[in-house]
Amino acid sequence: MLDLEVLEGTVERITFRNEENLYTVARLKTEESDEQVTAVGRFISIHPGESFRLRGEWTTHPLYGRQFRVEEAEPLMPATIEGITNYLASGLIKGVGPATAKKLVDAFGLDTLEIITKEPQRLLEIEGIGPVKAEAIQKGLAQQEDIQNVMVFLQGHGISTAYANRIYRHYRQDAIAILSQNPYRLADEVSGIGFRIADSIAGNLGIVREAPQRLRAGIKYTLEQGLEEGHVCLPREYLLTKAQEILEVPPELIAEELDHLTDTSILHLDTIGGEVVVYLPLLKAMEEAVAERLLEWSNPDSSQDALPLDLEPLLVEIEAKTGIKLAREQKKAVLEACKRPLLIITGGPGTGKTTIVRLILEMYDAFGWKTLLASPTGRAAKRLAEATGRRAQTIHRLLEFGYDAELGLHFRRNADNPLKADAVIIDEVSMVDLRLFYHLLLAMAPGTRLILVGDADQLPPVGPGQPLGDMLTAEAVPSVRLTEVFRQAQSSLIVTNAHRINQGGFPQLNMADGDFFLIEEKETENVAALVVKLVQDRLPSHYGVNPWEDIQVLSPIRRSRVGTENLNSKLQEALNPAAPGKEEATFGGSIFRVGDKVMQTENDYDKQVFNGDMGRIVALDREDQELVVEFADAEGVRYIPYQRSDWDQLELSYAISVHKSQGSEYSMVVMPLVWTLPTLMNRNLLYTAITRAKRLVVLIGEKRALAVYVRQIQGKERYTGLVERLANSTIK
C-alpha cells in the first residue's frame, strides 16, 4: 500500500455532510495554495474554521475534478487569524458569534485561544464581555477541547457526532477512562447509545467475542430491540436465536449467560400460552399490575356509588337540550359509560365517537361529577378540547410528570396521590403503550370511572404492548364497538374508503368534487417533486389553504427519495427558503431556519414537550446558540427555548412518518405510496394515514402499490402476556 500523503488546512465551508455515515465534502484553505481544495471522507466532527491534518491521497472525480480522499483526520487548533476568527464564529462556543469573535481576534490576535484558556480575566478588556460571559467562553473552549479528545478516541469506531456529544455530556472528562474500562456501560447509561456502538468500541479495545459481559449485554440488547418493535416479552427460544444472529457465538454460550441473567433476576421468566418467555423485570411487573387492576375494576361487584338519576329519561332530556339524536349503538355507549366503572368505546371514522363523548360529559354534569379529559399527545388533546368545549390535556400532564430532587423524573399522580375526579375519559387510547397505561391505572382512585375511547384498527402504539387491542381480544373489559357510519360522514370518500380499506376493499378514487385522489406516477424519482408542487402551489391555489397549517405530508419511511428526510429538505427549500435577514443554523445534517415547522422527537419532561409535539421556530440566536419554538396545544401557546445541546431533540416536520401522525388531525394529507419493506406496506398503516385527514387525501404513486397496502394486514403480532393474564375473566 502506498504511503498516505499529508495535507493541512482550515475548513472554509461544508459542501455536503451525511450524519448517518459521516461522509463529508469540505472546502479547505491550505498554506501551499491560494485556491481552496476539496476534501472528501468521513469526519467524526467538522465545522467551518476548524483546522485538520489530513492523511489520504489525491484523486480525480469524473464530474467534480481533483479531490483529496481522506483516510485519517486529526483536528488541529487553528493557527491563523482568519482560522481563529472562523473557528470562534462557527457557533461551537456559546456566547461567541461572528461579532464577538472579531472583537476577540482584533484584540488578541494569534494569542486569542491561549488567552481564553489561560488568562480569561483579560476577556473583560473587550467591550460587552462581563465576568459571567468571560467564564462561559473559557468553559466553552475547554469543553470543545475535551470533546475533540473524545472525538479522536472514538474516530476509529464509527461513532456519529451526535452520539459522541451524548457520551461527552454524560461522562464529561471521564469519558475515555470509563469507555476503556467497560464500554458496555454505554448501553445502559447513555440515552440513545445502544449495544452496537458499545460493542464496536469493545472490539477495538480487545474485549473477546465470548466475554461474559459482552454476551449478557447482547442478550439484554436483543430483548430491548424487541421492546422497540412493540413486544413486551420474547419467547426464550426466539430470544436465543435472535441473540445468536447478533453475537455470532455458539448458542450454548448464549444460553448459559441467559440462565445466569434469569437466575440472578436481572431478567425474568414466565410461561405464556404454554411457551417460556423472557421479560425485563419492570415490564413484567407492569403487565401483571395492569391485568390485576383491570380484572378487579371490571368486576360488576366492584363498589360504585348508586347513580343519582334515572338514566334513560335523563338521556332523552339531554338529547333534546343538545339537539342530538343518538343511534342505538351510540345510546348504548352513553348508558354503559354511566353504569360501568370501566368501559372501552371503539369505532372507525364517522361512527360518532366525539358525539358520544359530548353526551357522556352532559350526563356526568347532570350527576354533578368532576370529569377529566386527556389524550396521549398535545395535538390530540387540542382536538379533544375543540370538539368538546372542555379542557383537555396530555396524559403526561394529567399525571403531572416532572422532576423531583429526591425521586428524579416521576409521575406525581400515583396510588399515593391519585387523580381527584369522579370520571376520567381518555381519547385516542390506541396510542397508549403498556408503560403509560400502567401509570394511568396507578393514578386512578377507587370509585373513579375510566372511559377509554379509540379506534382499534389504527396502528398500535410506538412503545411496547398494545393495551387497547389486548383488552378487546381478551373480552375481559366491557366494550361497545360502533359500526354504523352516519349519513353526513357517508358523503366523505375519506370515511367511506377508510372502512373499505379496513375490510380489504380497494378505495374509490378521483371522483368529481371528491376528497380522495390518487395521482399515478410510476417513476419514484418524480414523486418528491410532485409532493412539493402539491404542497407549495396546487393545493393552496385550488383550495385556498395554508401549506404550513393545513397540509401534512406523511410517509411510511425516513430514508429514501420519498422518505421524510428527503421530503423535508425539499419542502423546506420550497416553503421556507434562505433569505437575507432570516436566521439559520446548521446542526448535524439539517438546517434549522426561523419559520421552520419542527417536531419534538423525544420526551423532555423539563420543558414539558413530548415526542410528536409540533411547532414553529420563531427565533434563532447563533451567538447564544439558542432557538425558540412556538408550540400551540390544548393548554395554549408556549414558547420553548432550546440550547444547541438539545437541538438533536428536534427535526423538520413538513413531512413526518405515519406513526408520528397518530392522534393528530389535518385538513389535508399528502402521502407518497412508497414501495418499501413488506412489513410497512399494510392496510393498518394506510388506514391510519388517511384517517388523519378531515378535508382531502392525495396519494401519489402506483395503483399496484396501493393494492399491496390494502391487501396486506399488519405484520407479525406483538408478544405480550396481557391477553392471557386477562383470560381468566368471564365478565362481559
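Taking the criterion of being charged (D, E, K, R), at pLDDT below 85 and more than 30 Å from the chain's Cα centre (by Cα), would at least one residue in the stretch 93-107 satisfy it?
No: zero hits.
Out of the residues in the stretch 30-51 meeting the condition of being out of contact with any Lys or Arg (no Cβ under 7 Å at 6 or more places or on another chain) and polar (S, T, N, Q), tell me which one is farthest from Gly97 (Cα to Cα).
So the residue we want is Ser33.
Listed residues Glu71, Glu50, Glu8; which is within 23 Å of Val150 (Cβ to Cβ), touching a helix residue (DSSP H, G or I) at 6+ places or on another chain (Cβ under 8 Å) and of a type in the set (Asp, Glu)?
Testing whether each residue is within 23 Å of Val150 (Cβ to Cβ), touching a helix residue (DSSP H, G or I) at 6+ places or on another chain (Cβ under 8 Å) and of a type in the set (Asp, Glu) leaves just Glu50.
Kindly list the number of the only condition in (1) farther than 27 Å from Ala136 by Cβ; (2) of a type in the set (D, E, K, R); (3) in contact (Cβ under 8 Å) with a residue 24 or more places away in the chain that fails for Glu82.
If we test Glu82 against (1) farther than 27 Å from Ala136 by Cβ; (2) of a type in the set (D, E, K, R); (3) in contact (Cβ under 8 Å) with a residue 24 or more places away in the chain, just (1) comes out false.
Within the bounds of the stretch 34-44, is there any residue that is of a type outside the set (D, E, K, R), in contact with a helix residue (DSSP H, G or I) (Cβ under 6 Å, 6 or more places away or on another chain) and either at pLDDT below 85 or closer than 23 Å to Ser590 by Cβ (or both)?
yes
Can you pull out every residue in the stretch 268-294 that is over 13 Å from Arg725 (Cα atoms), crowded, with 19+ Cβ neighbours inside 10 Å and more than 27 Å from the chain's Cα centre (by Cα)?
Val277
A quick yes/no check of all residues on (1) in contact with a Ser or Thr (Cβ under 8 Å, 6 or more places away or on another chain); (2) within 30 Å of Asn566 (Cα to Cα); (3) assigned to a loop (DSSP other than H, G, I, E, B); (4) open to solvent by less than 40 Å² (accessible area, probe 1.4 Å):
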residue: Leu7; (1), (2), (3), (4): yes, no, no, yes
residue: Thr10; (1), (2), (3), (4): yes, yes, no, yes
residue: Thr15; (1), (2), (3), (4): yes, yes, no, no
residue: Arg27; (1), (2), (3), (4): yes, yes, no, no
residue: Glu31; (1), (2), (3), (4): no, no, yes, no
residue: Thr38; (1), (2), (3), (4): yes, yes, no, yes
residue: Ser45; (1), (2), (3), (4): yes, yes, yes, yes
residue: Trp58; (1), (2), (3), (4): no, no, no, no
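Is it the case, given these coordinates, that Arg695 is more than 30 Å from Arg538 (Cα to Cα), assigned to a strand (DSSP E or B) and in contact with a strand residue (DSSP E or B) (Cβ under 8 Å, 6 or more places away or on another chain)?
no
Could you list, in sequence order, all residues of the stretch 192-214 that are surrounded by fewer than 16 Cβ atoms within 10 Å (Cβ to Cβ) and touching a His at 6+ places or on another chain (Cβ under 9 Å)?
Gly203, Asn204, Pro212
Quick grid of which residues meet (1) touching a helix residue (DSSP H, G or I) at 6+ places or on another chain (Cβ under 6 Å); (2) of a type in the set (Phe, Trp, Tyr); (3) closer than 23 Å to Asn611 by Cβ:
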{"position": "Glu428", "(1), (2), (3)": "yes, no, yes"}
{"position": "Met444", "(1), (2), (3)": "no, no, no"}
{"position": "Pro461", "(1), (2), (3)": "yes, no, yes"}
{"position": "Gly469", "(1), (2), (3)": "no, no, yes"}
{"position": "Val480", "(1), (2), (3)": "yes, no, no"}
{"position": "Ser491", "(1), (2), (3)": "no, no, no"}
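For the stretch 641-650, give me each residue that is part of a strand (DSSP E or B) and surrounded by fewer than 20 Cβ atoms within 10 Å (Cβ to Cβ).
Pro641, Gln643
What number of residues within the stretch 115-146 satisfy the criterion of being of a type in the set (A, V, I, L, M, F, W, C), exposed (fewer than 13 other Cβ atoms within 10 Å of the Cβ) and within 40 Å of the chain's Cα centre (by Cα)?
1
For the stretch 653-666, how many residues are at pLDDT 90 or above and open to solvent by 20 Å² or more (accessible area, probe 1.4 Å)?
1
Residue-by-condition table, conditions (1) under 30 Å from the mean Cα position of the chain (by Cα); (2) hydroxyl-bearing (Ser, Thr, Tyr); (3) modelled with pLDDT of 90 or more:
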| site | (1), (2), (3) |
| --- | --- |
| Leu186 | yes, no, no |
| Glu189 | yes, no, no |
| Ile193 | yes, no, no |
| Asp199 | yes, no, no |
| Leu205 | no, no, no |
| Leu215 | yes, no, yes |
| Leu234 | yes, no, yes |
| Ala243 | yes, no, yes |
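Assess whether Phe401 counts as being buried (at least 19 other Cβ atoms within 10 Å of the Cβ) and over 30 Å from Leu680 (Cβ atoms).
yes
Could you run through the stretch 468-485 and say how many residues are assigned to a loop (DSSP other than H, G, I, E, B) and either under 30 Å from the mean Cα position of the chain (by Cα) or of a type in the set (S, T, N, Q) (or both)?
Of the residues in that region, 1 qualify.
Name every residue in the stretch 517-533 that is over 18 Å from Pro577 (Cβ atoms) and open to solvent by less than 20 Å² (accessible area, probe 1.4 Å), in order of residue number.
Within the stretch 517-533, Leu518, Val527 qualify.
So Gly230 ticks every box in (1) open to solvent by less than 10 Å² (accessible area, probe 1.4 Å); (2) without any contact (Cβ under 8 Å) to a residue 40 or more places away in the chain; (3) small (Gly, Ala, Ser) but one. Which box is left unticked?
So Gly230 meets the others, but not (2).
Considering only residues that are open to solvent by less than 70 Å² (accessible area, probe 1.4 Å) and among the aliphatic types (A, V, I, L, M), which ones fall in the stretch 60-85?
Those that are open to solvent by less than 70 Å² (accessible area, probe 1.4 Å) and among the aliphatic types (A, V, I, L, M): Val70, Ala73, Leu76, Ile84.
Looking only at residues that are basic (Lys, Arg) and farther than 18 Å from Ser375 by Cβ in the stretch 443-490, which one is most open to solvent (accessible area, probe 1.4 Å)?
Filtering first and then ranking leaves Arg487.
Which numbered condition trips up Gly504, out of (1) in contact with a helix residue (DSSP H, G or I) (Cβ under 6 Å, 6 or more places away or on another chain); (2) at positive phi?
Only one criterion is unmet by Gly504, namely (1).
Condition first: among the basic types (Lys, Arg) and closer than 16 Å to Ala423 by Cα. Now tell me which residues in the stretch 380-394 satisfy that.
Hits for the stretch 380-394 are Arg390, Arg391.
Please verify whether the stretch 375-390 includes one or more residues that are of a type in the set (Val, Ile, Thr), within 23 Å of His659 (Cα to Cα) and in contact with a Leu (Cβ under 6 Å, 6 or more places away or on another chain).
No, that holds for no residue.
The values are calculated or read from the model by the stated rules, or taken from the named source; none is laboratory data. All values derive from a computational prediction rather than experimental measurement. A quick note on method: Cβ atoms are made from the backbone with ideal geometry, for glycine too, and the neighbour counts reach across all protein chains shown. For the accessible areas, the whole protein counts, side chains as well, though only heavy atoms, and no ligand, DNA or RNA atoms are used. Shrake-Rupley method; radii C 1.70, N 1.55, O 1.52, S 1.80 Å.
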